[in-house]
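Q: Handing you this structure, nothing more for now.
The values are calculated or read from the model by the stated rules, or taken from the named source; none is laboratory data. Remember, it's a predicted structure, so these values are computed and weren't measured experimentally. Cβ: placed from backbone, ideal geometry, glycine included. Neighbour counts: every protein chain shown. Each accessible area value is taken on the protein alone, full model and side chains, heavy atoms only, with ligands, DNA and RNA left out. Shrake-Rupley method; radii C 1.70, N 1.55, O 1.52, S 1.80 Å.
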Amino acid sequence: MRKLVQRICSAHRSGPLQNGGLKRWLVELLCLTTLLSASFAHSGSQLQVRVLDDGQSPLENAVISLVPLFEHQPASVPGEALVKQQGAQFRPFVQPVQVGTKVSFPNFDDFRHHVYSFSKAKRFQLQLYGQDESKSIVFDKPGVIALGCNIHDNMLAFVYVTDHPFYSLSGDDGTVSFDDLPAGTYKVYAWHPDIKGRTEVEISSIELVDGEPQSLDAELILKSARSVQYPPDENGNY
């Protein structure tokens, strides 16, 4: 199809077309649309990371972040994010955000919560508030913030605050996908709530090329004791 359009465009440029201005306008529009489509189809780089634990099982709730080793435009500006309280649990269990992001903590339960963190990166308390109320915190330093509720001891979650420009969270299949990245060389980092040392680790460096999808595996060594947020039991105990 593209070759056919190229031949039409060449004919259009080398000589006059019949049937006047309308046909000429349609050919010019077709040429422009095809060239733009080809440009967008080959713009940006793609990377897929498969995150595994040390038993080679897919690992959910891992944050993969990329640091370009070249000058680049900021990927995005800090925005807003949510950590819901629903069913006496925090949702999501891990919320990655950029430094400067405002995170809201809405309560969807018909009872009150008291959200807190004693983590070094951000110590705070959002004292008792009820259903359909929300309170928020701006996370202004990179680091790991463990969340709890003073009323419900089963509740546990993490806000991972990063100053890296590109980041994403692995799903239950352990995969993380990045699209439309600027071509160039990147360092790849990984973090998980149960990673040994609790700090991010450098996985590798990788060079990305426009239009050439790439993939890599990231194997993380975890602590034997896992961080788990349990739902209330069948009797409603927390």
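Q: Counting only the backbone N, which residues of the range 55-91 are under 17 Å from the spot 7 Å out from the Cα of ASN237 toward its beta-carbon?
A: none
Q: List the GluC sites (Glu not before Pro) within the range 63-156 that DSSP assigns to loop and that have no more than 12 neighbouring Cβ atoms inside 10 Å.
A: For GluC sites (Glu not before Pro) across the range 63-156 that sit outside H, G, I, E and B with at most 12 neighbouring Cβ atoms in 10 Å, the list reads GLU71.
Q: Can you bin the range 35-173 into rounded, prolate or oblate? Criterion: square roots of the alpha carbon gyration tensor eigenvalues sorted a ≥ b ≥ c, rounded for a/c under 1.5, prolate for a/b above b/c, oblate for the rest.
A: prolate
Q: How much length, in nm to one decimal, is gained on full extension between ASP153 and VAL201, taken as 0.36 nm per residue of separation minus their Cα-Cα distance?
A: Taking ASP153 through VAL201 to full extension adds about 14.3 nm, to one decimal.
Q: In Å², what does the accessible area per residue of the range 45-160 work out to with a 1.4 Å probe?
A: Result: 48 Å² of accessible area for each residue.
Q: Please give me, ordered by residue number, the chymotrypsin sites (Phe, Trp or Tyr not before Pro) of the range 90-191 that lie in loop per DSSP and have at most 16 other Cβ atoms within 10 Å.
A: Answer in residue order: PHE108, PHE111.
Q: Quantify, in whole percent, the carbon and sulfur part of the accessible surface of the range 155-238 (1.4 Å probe; protein heavy atoms only).
A: Of the solvent-accessible surface of the range 155-238, carbon and sulfur hold 44 percent.
Q: Within the range 161-238, which GluC sites (Glu not before Pro) sit in a loop by DSSP and count at most 10 neighbouring Cβ atoms inside 10 Å?
A: GLU234
Q: Provide the per residue accessible area, probe 1.4 Å, for the range 170-218, rounded to a whole number of square angstrom.
A: Ligands and nucleic acids excluded, the figure is 49 Å² per residue.
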